[in-house]
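The next block holds one structure in the form of structure tokens; read it before the comments.
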Amino acid sequence: MTTVAHSWYMTIRHIRNLLRQPIWVFITLVQPLIWLLLYGALFKRVVEIPGFGGGSYLDFLTPGIVVMSALFSSGWSGMALLDDLDRGVLDRFLVSPASRVSLISGRLVQGALIVIVQSLILVVLALVAGADLAGGPVGVLVLIAASILLGWAFGSLSNGLALLVRREETLIAAVNLVILPLTFLSTVFMQRALTPGWIQDVARVNPVDWAVTAGREALAREVDSGVVLGHLGLLLAFALLCTWFASRAFRAYQRSV
Amino acid sequence: MDGRPPHAIEVHALEKSYAGDVRALDGVSFAVEAGSIFGLLGPNGAGKSTTVKILTTLSRPDAGTAQVAGRDVLRSPGEVRRAIGVVAQKSGWDREATGRENLVLQGQLHGMGTRAARARAGELLARFGLADAADRVARTYSGGMARRLDVAIGLVHRPAVLFLDEPTTGLDPEVRADMWDEIARLSREEGITILLTTHYLEEADRLAARLAILERGRVVAEGTPEGLKGELRGDAVHVELAEPGDGEVEAALSTLAGVRDVKVDQRTLHARADHGASAVPAVLAALEGHGIRVASVTVARPSLDDVYLRHAGRTFAEAER
């Protein structure tokens with residue numbers, strides 16, 4: 001009970017602090033829209049490449065951008081933790097009865113809420129722009145669930161890494177190193193059959209691709225629920241592994257104080 | 001019962017080393033009477049903050065035991081955390097939250113209902129003169145306001161023991177004096193046990209009922225400020241030299257009768273004399289005899305600086321460098 005209550009207090013704290021930075025809020029909400037419109041326009045005609053399968057690129061791209069946005073916003077989650085660490089806020093919580101779990105989970109819940117808002121805005125914009133999301137509301141829910149799991153996983157990784165490296169520069173470099181390549185080593189932008197063989201191999205073990213695959217399949221006209229559930233399961237396992245990593249990093253931090 | 005108040009803090013033989021073979025604590029022991037202000041005095045790096053980290057459950061000792069408010073810090077950290085308030089060296093408040101929000105969150109984390117936490121926050125904001133700034137984001141607070149907010153956060157849950165880790169470091173002299181009054185008032189009116197670390201001799205002298213001097217991870221002296229000063233027989237003689245002195249100066253004075261504990265730190269010479277006033281002519285004559293020019297001489301009752309010099313073997317100023 002305490003853990004749930006404390007996680008909620010922390011979530012409120014994080015959200016309130018973000019809302020006090022209106023420029024940040026604006027960028028967080030608008031950036032995914034820019035991606036959707038920009039990439040949608042840039043790659044509009046790739047659907048005509050033989051083997052892509054035709055259809056509308058916007059239909060194809062929407063789940064990709066939803067997942068990509070979740071990855072990007074969660075990847076930076078550790079930055080706020082570093083700020084708390086530098087300013088002694090984390091230590092203040094550690095010498096109080098604050099639930100230890102809440103110190104990370106509050107951030108992850110906040111991340112999940114951001115993912116939900118971003119995803120809904122993207123879906124609405126896509127529909128307005130003429131996308132045909134055949135999977136309907138259930139498909140959208142699956143897409144958001146997959147994005148939340150992916151965000152949870154990368155949020156945990158980012159926070160864990162922050163606790164281990166404890167330097168903003170290092171965290172920024174590490175996040176930059178990882179998230180863009182992971183996006184391109186997946187089917188966010190391109191049909192699997194049209195990517196080089198080695199990228200197909202990498203994509204198979206890339207959690208970003210699991211999330212895109214689950215979300216895109218759920219939005220398809222004929223849904224293979226085995227594919228959806230299988231990839232959601234993989235994402236859940238990965239998120240749990242990342243949560244374990246974050247808790248280990250947290251203990252390592254406590255031991256080093 | 002022998003009628004003595006129980007100890008709010010008991011520390012026994014604490015040891016702690018950090019990676020890289022830094023020995024922060026090397027067998028620290030002391031006890032703090034409930035309801036009193038206890039000072040941990042020492043230069044930077046003496047082990048004050050490490051001691052506070054262990055007593056507040058942030059850090060674990062390699063060896064030794066410690067009880068705070070009757071609970072063992074290693075076996076019952078959760079209970080210790082409920083009983084203590086902590087004002088760390090680094091301000092722990094949230095810059096993007098208002099003073100009030102900071103206080104309410106702290107109350108909630110201590111298990112107070114939201115309504116009770118709000119009421120307590122209002123009370124503390126008024127008491128610490130922050131009522132007008134209560135709904136401003138803490139980032140905008142001045143140094144003194146921020147420090148008062150720190151103390152208020154530490155008091156939200158009415159702790160039995162309050163830790164103040166260098167509470168006035170970096171504050172203007174005026175703000176520092178206000179903070180001293182506030183700390184004295186907390187102890188006097190609310191009976192809270194306060195452990196205060198400081199590297200200001202004056203602060204320890206003024207606030208602490210008892211104090212321990214820490215030097216390189218060990219307690220080198222413990223007692224009341226008056227008692228520690230009283231242990232030093234006679235007066236303190238301080239001579240300002242016209243140019244930096246060395247061992248030769250110490251040698252020049254060591255043979256004088258009634259003068260002892262001679263120590264030279266650059267241009268300042270410290271010595272102790274049974275009768276300060278009558279020792280001065282002999283000291284000046286001896287210095288002149290060695291061709292050492294003197295800028296000024298003062299004779300005073302012993303200060304904590306002299307206590308520190310006596311027990312640590314170096315002046316406080318030297319240790320701080």
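The values are calculated or read from the model by the stated rules, or taken from the named source; none is laboratory data. Keep in mind that what you see is a predicted model, and the values were worked out from it rather than measured. Using ideal geometry, Cβ is built from the backbone for each residue, glycine included, and neighbour counts are taken over all protein chains shown.
B:S59 falls short on exactly one of the conditions (1) surrounded by fewer than 20 Cβ atoms within 10 Å (Cβ to Cβ); (2) touching a residue at least 40 places away in the same chain (Cβ under 8 Å); (3) at the interface with chain A (Cβ under 10 Å from one of its Cβ atoms); (4) over 30 Å from B:D181 (Cβ atoms), and that condition is (1). For the residues B:A117, B:A133, B:A152, B:A126, the requirement of being surrounded by fewer than 19 Cβ atoms within 10 Å (Cβ to Cβ) and either in the same structural domain as B:R82 (by TED's automatic domain parsing) or hydroxyl-bearing (S, T, Y) (or both) singles out B:A126. Taking every residue in region A:214-234 that is among the polar types (S, T, N, Q) and pairing it with any residue that is buried (at least 16 other Cβ atoms within 10 Å of the Cβ), at least 6 positions away or on another chain, yields no pair with a Cβ-Cβ distance below 8 Å.
Applying the selection to region B:45-81, what residues are more than 19 Å from the chain's Cα centre (by Cα) and of a type in the set (D, E, K, R)? B:R60, B:D62, B:R71, B:D72, B:R75, B:E79, B:R81, listed by residue number.
Scanning region A:32-49 for residues that are free of Cβ contacts under 8 Å to residues at least 40 places away in the same chain and not acidic (D, E) gives A:I34, A:W35, A:L38, A:A41, A:L42, A:K44, A:R45, A:V47. Step by step: first the residues of region A:12-34, then only those that are among the polar types (S, T, N, Q) and over 17 Å from the mean Cα position of the chain (by Cα), then the one that is nearest to the other protein chains (Cβ to nearest Cβ). Which residue is that? Of everything passing the filter in region A:12-34, A:N17 is nearest to the other protein chains (Cβ to nearest Cβ). Based on this model, can you work out whether A:M79 counts as buried (at least 17 other Cβ atoms within 10 Å of the Cβ), in a helix (DSSP H, G or I) and either in contact with a His (Cβ under 7 Å, 6 or more places away or on another chain) or within 14 Å of chain B (Cβ to nearest Cβ) (or both)? When the stated conditions are applied, A:M79 does not pass them. Where strands (runs of 3 or more DSSP E) sit wholly within region B:22-86, those with at least 2 residues that are in contact with a Lys or Arg (Cβ under 8 Å, 6 or more places away or on another chain) and either in the same structural domain as B:A204 (by TED's automatic domain parsing) or within 23 Å of B:E189 (Cα to Cα) (or both) occupy B:22-33, B:37-41.
Of all residues in region B:102-123, those satisfying the criterion of being free of Cβ contacts under 8 Å to residues at least 12 places away in the same chain, more than 7 Å from chain A (Cβ to nearest Cβ) and part of a helix (DSSP H, G or I) are B:T114, B:R115, B:A116, B:A119, B:E123. Contact map, region B:244-272: residues that are closer than 22 Å to B:V307 by Cα paired with residues that are in a helix (DSSP H, G or I) and among the basic types (K, R), Cβ distance under 7 Å, separation 6+ or inter-chain. Pairs shown: B:D261/B:R310.
Does at least one position in region A:60-72 carry a residue that is within 10 Å of chain B (Cβ to nearest Cβ) and within 26 Å of the chain's Cα centre (by Cα)? So far as region A:60-72 goes, no, none of its residues is within 10 Å of chain B (Cβ to nearest Cβ) and within 26 Å of the chain's Cα centre (by Cα).
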